[in-house]
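So the structure is just underneath, and the comments pick up after that.
The values are calculated or read from the model by the stated rules, or taken from the named source; none is laboratory data. No experiment lies behind these values; they were computed from the predicted model shown. A quick note on method: Cβ atoms are made from the backbone with ideal geometry, for glycine too, and the neighbour counts reach across all protein chains shown. Heads up: the accessible areas ignore ligands, DNA and RNA and are worked out on the full protein's heavy atoms, side chains in. Shrake-Rupley method; radii C 1.70, N 1.55, O 1.52, S 1.80 Å.
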Amino acid sequence: MRTPRFRTITGLLSAPAILAVGLATFTLASAGPAAAGQPVTQTLTPPPPSFETCKTVGNGFICEGARTLTYGPDDAGITCGTGAGAVDILDQGTHNQHAIRFYNTDGNLTKRVIYDQYFSQFSNPLTGAAVPYTQHNTITDVLAVPGDFTSATETFTGQNNFTVPHMGAVFLNAGKVVFGADGTLEFRAGPQEGLDYFNGNTAAVAELCTALGAS
């Protein structure tokens, strides 16, 4: 769960990250017959990332793309143990992402949907012990004010599973979380041990830390 790296646990864990955005002009491949095959120049606010390709549709523009990234080892934001025995857990793996943006006829973003898959692991840097995890999640941003990310309501759905032989699931995040435009947690459903941890419940990672030999 990545945003930050607990990949979207941090989506499922913290308030939505508000991105600094500017204006840019893009040449879009037109799908409408009115353009007669000619390129269409339109200012999109905010601009799409470079891996997305844009086209015109009947009610505006769509930008879409996919990418695969590798990352880590990075700090997962989770600490096992206390005092001199505390260990900062590391996160690393592969991230597959498919993203879609919807713009209105004025070129202002109205909705963004991101589909993420992670095939990764948490590890103890002191012992090398590791716990693999898989994550599948969908992040949907709906902008109350087109073009203004700070007006977005952000919804996370999906699951993140850490499973260890003979122990079973040692850390589980699944269900749905909704954040308002001001970052307020508006709704949560399902087990959200990552969210619980980042809200101050350190016992939420007890089984994970035991599996990593860092309790």
Fill in: strands (runs of 3 or more DSSP E) lying entirely in the range 53-121 (those with 3 or more residues that are of a type outside the set (A, V, I, L, M, F, W, C) and crowded, with 19+ Cβ neighbours inside 10 Å)
87-103
Worksheet, complete the sentence: Per the list (1) more than 19 Å from GLU64 (Cα to Cα); (2) at pLDDT below 95; (3) in contact with a strand residue (DSSP E or B) (Cβ under 7 Å, 6 or more places away or on another chain), residue check on GLN121 breaks on (2)
Fill in: Residues (surrounded by 14 or more Cβ atoms within 10 Å (Cβ to Cβ) and either β-branched (Val, Ile, Thr) or part of a strand (DSSP E or B) (or both)) located in the range 122-133
PHE122, SER123, ALA130, VAL131, PRO132, TYR133
Response to the item:
Scanning the range 156-182 for residues that are closer than 14 Å to ILE114 by Cβ, in contact (Cβ under 8 Å) with a residue 24 or more places away in the chain and open to solvent by 20 Å² or more (accessible area, probe 1.4 Å) gives GLY158
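Taking ASP141 as the residue in question, decide whether it is closer than 30 Å to PHE61 by Cβ, acidic (Asp, Glu) and surrounded by fewer than 18 Cβ atoms within 10 Å (Cβ to Cβ).
Spelling it out, it is not the case that ASP141 is closer than 30 Å to PHE61 by Cβ, acidic (Asp, Glu) and surrounded by fewer than 18 Cβ atoms within 10 Å (Cβ to Cβ).
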